[in-house]
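> This structure is in structure tokens; I'll ask about it shortly.
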Amino acid sequence: MVESRIRDETDELRKHVNVFVDGVDVERGAGTGTVLREGATVIILSAVSGG
């Protein structure tokens with residue numbers, strides 16, 4: 001299930017997951033309470049790191 005990949009056990013977004021709705025980072029707004037309008041574009045990005 002996608003939700004378990006982006007939310008942790010406290011229902012917050014996982015530390016290394018970024019979610020954008022219509023180009024706006026949801027963490028700068030309502031977070032997981034962001035309301036989606038019909039036709040909204042949602043982008044989910046997982047951080048990539050390594051060394």
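> With unit charges on the beta carbons (Lys and Arg positive, Asp and Glu negative) and the dipole taken about the Cα centre of the chain, which residue among Thr34, Ala47, Asn18 sits farthest to the positive side?
Ala47
> Let me ask you something else. Do any GluC sites (Glu not before Pro) in the chain lie in a loop, going by DSSP, with at most 16 other beta-carbon atoms within 10 Å of their beta carbon, and if so which?
Of the GluC sites (Glu not before Pro), the ones in loops of the chain whose Cβ has at most 16 other Cβ atoms within 10 Å are Glu9, Glu12, Glu38.
> Given the C-alpha atoms of the chain, compute the convex hull and give its volume per residue in Å³.
100 Å³
> So, one more: May I ask you to rank Thr32, Thr10 by accessible area, largest first, using a 1.4 Å probe over the protein chains only?
On the way: Thr32 55, Thr10 95 Å².
Descending order: Thr10, Thr32.
> Want the number for Arg14 to Arg37: 0.36 nm per residue separation, take away the alpha-carbon distance, what's left?
Full-extension gain reported as 6.0 nm.
> Spelling out what I want: for every residue of the range 3-14, take phi, set θ = phi - 60°, compute 6.51 cos²θ - 1.76 cosθ + 1.60 (Karplus), and round to whole Hz; glycine and proline get x.
The phi angles translate into 4, 5, 7, 10, 10, 8, 5, 9, 6, 8, 5, 4 Hz.
> If I take every Cα pair under 8 Å that is 6 or more residues apart in the chain, average their sequence separation and divide by the length, what percent do I get for the relative contact order? Working shown, then result.
Numbers: 43 pairs, mean separation 18.2, N = 51.
This gives 36 percent for the chain.
> Scan the range 5-51 for trypsin sites (Lys or Arg not before Pro) in coil per DSSP, keeping those whose Cβ has at most 12 other Cβ atoms within 10 Å, and list them by number.
Counting only loop positions with at most 12 other Cβ atoms within 10 Å, the trypsin sites (Lys or Arg not before Pro) in the range 5-51 are Lys15, Arg37.
The values are calculated or read from the model by the stated rules, or taken from the named source; none is laboratory data. Since the structure is predicted, the reported quantities are computational estimates derived from the model, not experimental observations. Glycine gets a Cβ as well: all are built from the backbone with ideal geometry, and neighbour counts include every protein chain shown. For accessibility, only protein heavy atoms count, side chains too; no ligands or nucleic acids. Shrake-Rupley method; radii C 1.70, N 1.55, O 1.52, S 1.80 Å.
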